[in-house]
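See below for the structure under consideration.
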Amino acid sequence: MGLKIRTGDTVLVLTGKDRGKQGKVQKVLPRENRVIVEGVNIVKKHQRPTREMMQGGIVEQPAPLHISNVMLVCRRCNKPTRVAKKKMQDGSYRRACKRCGETIG
């Protein structure tokens, strides 16, 4: 089954040190069931010097979160929501907000 959260969606973090923060999904890792959210779950990585990055040191970067720890935020009602499947006129399915029924993406 496909994931209900996609790149570019706005999500709310439900658990962990960044609980309550909202951010945009930068990357989805479907095999690991994880997402990388912009500005959330920032970790420090010790980076050694390379050809691309001549200066080594400590770099801050976002780490992946498990997909169960984030919830999609609806654009219309601006509240966190579960995702429903809505059948369109042409027979295709779209993601929809469970609260207000608005189609997402």
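The values are calculated or read from the model by the stated rules, or taken from the named source; none is laboratory data. Model, not experiment: these values are computed from the prediction. Here the Cβ positions follow ideal geometry from the backbone for every residue, glycine too, while neighbour counts run over all protein chains shown.
Which condition number does GLY20 fail, the rest of (1) surrounded by 12 or more Cβ atoms within 10 Å (Cβ to Cβ); (2) assigned to a loop (DSSP other than H, G, I, E, B); (3) small (Gly, Ala, Ser); (4) free of Cβ contacts under 8 Å to residues at least 24 places away in the same chain being met?
It is condition (1) that GLY20 fails.
ASN33 is checked against (1) over 17 Å from GLY8 (Cα atoms); (2) surrounded by 12 or more Cβ atoms within 10 Å (Cβ to Cβ) and fails just one. What number does that condition carry?
In the conditions (1) over 17 Å from GLY8 (Cα atoms); (2) surrounded by 12 or more Cβ atoms within 10 Å (Cβ to Cβ), ASN33 misses (1) alone.
Of everything in the range 36-64 that's assigned to a loop (DSSP other than H, G, I, E, B) and aliphatic (A, V, I, L, M), which residue is surrounded by the most Cβ atoms within 10 Å (Cβ to Cβ)?
VAL40
Considering (1) crowded, with 16+ Cβ neighbours inside 10 Å; (2) in a loop (DSSP other than H, G, I, E, B); (3) free of Cβ contacts under 8 Å to residues at least 40 places away in the same chain, say which one ARG76 fails and leave the rest.
Evaluating ARG76 over (1) crowded, with 16+ Cβ neighbours inside 10 Å; (2) in a loop (DSSP other than H, G, I, E, B); (3) free of Cβ contacts under 8 Å to residues at least 40 places away in the same chain leaves (1) as the failure.
For the range 40-98: of the residues being assigned by TED's automatic domain parsing to the domain that holds GLN22 and of a type in the set (Asp, Glu), which is nearest to LEU14 (Cα to Cα)?
That would be GLU60.
Going by what's in this entry, would THR15 be described as hydroxyl-bearing (Ser, Thr, Tyr), farther than 17 Å from LYS79 by Cα and not assigned by TED's automatic domain parsing to the domain that holds ILE104?
No.
What single numbered condition from (1) touching a strand residue (DSSP E or B) at 6+ places or on another chain (Cβ under 9 Å); (2) of a type outside the set (Lys, Arg); (3) within 25 Å of LYS98 (Cα to Cα); (4) surrounded by fewer than 12 Cβ atoms within 10 Å (Cβ to Cβ) fails to hold for ILE67?
If we test ILE67 against (1) touching a strand residue (DSSP E or B) at 6+ places or on another chain (Cβ under 9 Å); (2) of a type outside the set (Lys, Arg); (3) within 25 Å of LYS98 (Cα to Cα); (4) surrounded by fewer than 12 Cβ atoms within 10 Å (Cβ to Cβ), just (4) comes out false.
Do we have THR15 as of a type in the set (S, T, N, Q), outside any strand (DSSP E or B) and touching a helix residue (DSSP H, G or I) at 6+ places or on another chain (Cβ under 6 Å) here?
Spelling it out, THR15 is indeed of a type in the set (S, T, N, Q), outside any strand (DSSP E or B) and touching a helix residue (DSSP H, G or I) at 6+ places or on another chain (Cβ under 6 Å).
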